[in-house]
Amino acid sequence: MTFTGQKLRAIAAAGGRPFRRFLRGASGTMSVEAVLWLPMFLIMVIVIADTSLVFSRRAQALRIVQDANRGMSMYRLTSEAETMDYILSRIHQISPSAQALTTMDPTTHVIRSSLVIPLQELDALGFFSLFPKQAFVIVAYHMREV
């Protein structure tokens, strides 16, 4: 049922008080406030979800680097180049343009592997594409079995 201005005036003239009370009422303000705040809450949820996915993938990358160092320390991986290839082959699913570097100090037998991953390759929802030049640097050290 639609009300035109003429019908509303007729209802107001007949009842008077209930119609004026309706015009002055504030019962719909909660709905309006919810509509205004909803985008802010959605943006906050997206940022939280994207940040948690980034840190989850960073933890996966750290695990890959630590596994590679452990493999080299136990002589499963025999050279620095083989260790870097291991890291890059495993990290390719997460970040295709990641860069790895593995070195071993011959005097202390400490293996150092570092991995640089662009931040925008880790996010899923696109929030971190606002920061195009940022990257995670993951470094792990391991002592070689002698």
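3J(HN,Hα) along segment 129-136, derived from phi through the Karplus expression 6.51 cos²θ - 1.76 cosθ + 1.60 where θ = phi - 60°, amounts to 5, 6, 10, x, 9, 7, 8, 8 Hz, with x in place of Gly and Pro.
Take the Cα of Leu62, step 7 Å along the line toward its Cβ, and report every residue of segment 106-146 whose backbone nitrogen sits under 20 Å from that point. Only 111-124, 134-143 fall inside the zone, counting backbone N under 20 Å.
Among Ile94, Met44, Gly71, flag the residue with its Cα farthest along the positive direction of the charge dipole of segment 15-143, charges on Cβ as +1 for Lys/Arg and -1 for Asp/Glu. Highest projection toward the positive end goes to Met44. Taking the Cβ-Cβ separation of Arg70 and Ser97 as r and a Förster radius of 22 Å, what is the calculated FRET efficiency to the nearest 0.05? With R0 = 22 Å, the Cβ-Cβ based efficiency is 0.30. Here the calculated FRET efficiency for Met44 and Val139, from their Cβ-Cβ distance with R0 = 30 Å, stands at 0.40, rounded to the nearest 0.05.
In whole Å, how far is the Cα centre of segment 93-146 from that of segment 41-62? If you average the Cα positions of each part, the centres end up 18 Å apart. The gain in end-to-end length when the Ala34 to Thr78 segment is fully stretched comes to 9.7 nm, 0.36 nm per residue minus the alpha carbon separation. Rounded to the nearest 0.05, the FRET efficiency derived from the C-beta distance between Leu125 and Asp105 at R0 = 35 Å is 0.30. Size descriptors for segment 15-143: radius of gyration and Dmax over Cα atoms are 26.0, 97 Å.
A protection proxy built from the mean count of other Cβ atoms within 10 Å ranks the segments 135-141, 45-51, most packed first, as 135-141, 45-51.
Read the figures in this text as sums done on the coordinates, not as results from a lab. Computed from a prediction, not measured in an experiment: that's the story for all the values here. Quick reminder, even Gly has a Cβ in these numbers, built from the backbone with ideal geometry, and neighbours come from all protein chains shown.
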